[in-house]
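The block underneath contains the structure these notes are about, expressed in structure tokens.
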Amino acid sequence: MNIRLLLILLIFAVGTTVAQKAEFGEKFDYDTKSELDPKFVLIDNYNYYLLSAVNKTGLGLANNQIILRKFDQKNTLVETITHPFPVLEGGGTLHNFIGSFAIGSEKAVVFTQSYSGKSKRDEVYQHVYDKTTKKFTSTLIMGFPITSVFKSGNVKVVKSENGAFFFVNYMTGLSRKEPEVNQLMVLNGSSLTTEWKKEITFTNDFLTHHIIGTNSGKAIYVRNPNSHKQDNYLEVISENEQNELKIGENINIHEPVAISIETQDYLLAFNHTTKGIRRGDFGDLLLYDLSSGTILQNNRIDGFNSVAKIKEVNFRYIVMQNNEIAIFTQAKVDATPKPTPGTMGFPEKKFTYGPSFLITLNFEGVLKSMKSIPSSSNNEADLYHAYGLVNAKGQWYVHTGFDNGFYKWEYLFNNEKLSSSIGFHFHDDAYSGKRIQYINQLLHYFPDTNKFLFAKITTANDRTQMAVGTFSDVK
């Protein structure tokens, strides 16, 4: 019997599986290799949009652009809007896509970098799409002279967890003989007006590896040493102050995330010891109090040490509820194949996702539980994530894609087990010769119509297309 047909019959045979009604719009071409970071934005009861950008980096060609697709209530693509990355005078412009963000249901913003050795300029832009005007507006927010493209700056944009602030940081091109200079601009998260800006210079033998923004509007620089004999530290920047905080003796942290408990700022960070026996790079998880500059608790975490070649562990979602911190994590794994004997060069880098866990701490930082999240490890990063998460009227749903399904998490904070999978039934794609992949993080819930929004990729005859659809009657 055909394996696909057998799987369909098995899904129908499971008594706890609930049939849903799927309404997918027509497929449209989608370039999974260059069109990255898709996200749903500008969502209301009548329309929604899919925002993406072509090419994270690359030469200043015509296809370096922002793409915004508009859909109606029947999930039909009704309009495609494109907006080019800025090209500098003199030609030879290189681009970096920095990031994109939703601003409520009316606006979306994309940050890009343009730099050119011919014009000897390096510029950072924000591109805002407004549903009211139905167009993009591009604004130069930073610009600096450079001597060559090799001396262009490193740009980072982060958003505070509460959405109140954007932090735009430009680090000048470095050499061993020069200090590290950062130009920091803090923007209002709604209006994108400048709250404050400051130049920060470091002259010690450390390098800024990560920048985090707190809900109170402070920027935090994670400073890593060039020597293995030193531990990293934090530099906390506000409009009027700059303070150095030690993390802890013999501790190095990975990219942390800032949270708030009531009015106080804290950091969550995976970490490892710099001395003695090391249990992997992600063997501990700490809660750090930024007010006192102390570690409240550093918990042993064993789940990520079972998989080799973990490159990073991401904080996907953080939910504060019932005096607990629920942390949804996702491990990124290097899955690059080994070189084939007799061939020239090295295989192309490939990354997938490894183990995913829901880690629950109390507000003192003490580990309460750690649960495995069913997730897909078949999809390549970064277009596909291991899972998506959405809250539907107080009930949490975990979306793990085609292989593992769509799960309802019963009483997330009451230590209940996962409920049975809600099968997709493969819908109109139960045919040979097609490969179906759900983009797990593209997930939204419409409370007024009780529908879930999904997106899937279909590959057939060397053509890759996307379709967006809604599921109703999910129980």
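The values are calculated or read from the model by the stated rules, or taken from the named source; none is laboratory data. All values derive from a computational prediction rather than experimental measurement. Cβ: placed from backbone, ideal geometry, glycine included. Neighbour counts: every protein chain shown. Accessible surface is based on the protein model in full, side chains and every heavy atom, while ligands, DNA and RNA are left aside. Shrake-Rupley method; radii C 1.70, N 1.55, O 1.52, S 1.80 Å.
Every residue, every condition in (1) within 25 Å of SER216 (Cβ to Cβ); (2) surrounded by 18 or more Cβ atoms within 10 Å (Cβ to Cβ), yes or no:
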position: ARG69; (1), (2): no, yes
position: ASN75; (1), (2): no, yes
position: VAL78; (1), (2): no, no
position: GLY91; (1), (2): no, no
position: ALA102; (1), (2): yes, yes
position: GLU106; (1), (2): no, no
position: GLU123; (1), (2): no, yes
position: VAL128; (1), (2): yes, no
position: LYS151; (1), (2): no, no
- prompt: Pick from VAL78, VAL110: which is closer than 17 Å to THR137 by Cα and part of a strand (DSSP E or B)?
  reply: VAL110
message: Given the options THR336, THR329, THR343, name the one that is among the polar types (S, T, N, Q) and without any contact (Cβ under 8 Å) to a residue 12 or more places away in the chain.
response: THR343
query: Is there a residue being open to solvent by 40 Å² or more (accessible area, probe 1.4 Å), closer than 17 Å to GLU26 by Cα and either among the charged types (D, E, K, R) or not in a strand (DSSP E or B) (or both) anywhere in region 434-452?
result: yes
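Yes/no per residue for (1) in contact (Cβ under 8 Å) with a residue 40 or more places away in the chain; (2) within 19 Å of GLU255 (Cβ to Cβ); (3) part of a strand (DSSP E or B); (4) open to solvent by less than 60 Å² (accessible area, probe 1.4 Å):
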site	(1), (2), (3), (4)
VAL157	yes, yes, yes, yes
GLU178	no, no, no, no
ASN182	no, yes, yes, yes
SER190	yes, no, no, no
LYS197	no, no, yes, no
THR201	no, no, yes, no
ILE212	yes, yes, yes, yes
VAL222	no, yes, yes, yes
VAL236	yes, yes, yes, yes
task: Test SER376 against the stated conditions and say whether it is over 17 Å from the mean Cα position of the chain (by Cα) and among the polar types (S, T, N, Q).
output: no
- line: Taking region 371-394 and keeping only residues that are open to solvent by less than 10 Å² (accessible area, probe 1.4 Å) and β-branched (Val, Ile, Thr), one is left with ILE373
message: Within region 245-300, considering only strands (runs of 3 or more DSSP E) that don't extend past its boundaries, which have at least 1 residues that are at pLDDT 90 or above, open to solvent by 40 Å² or more (accessible area, probe 1.4 Å) and not polar (S, T, N, Q)?
response: 294-300
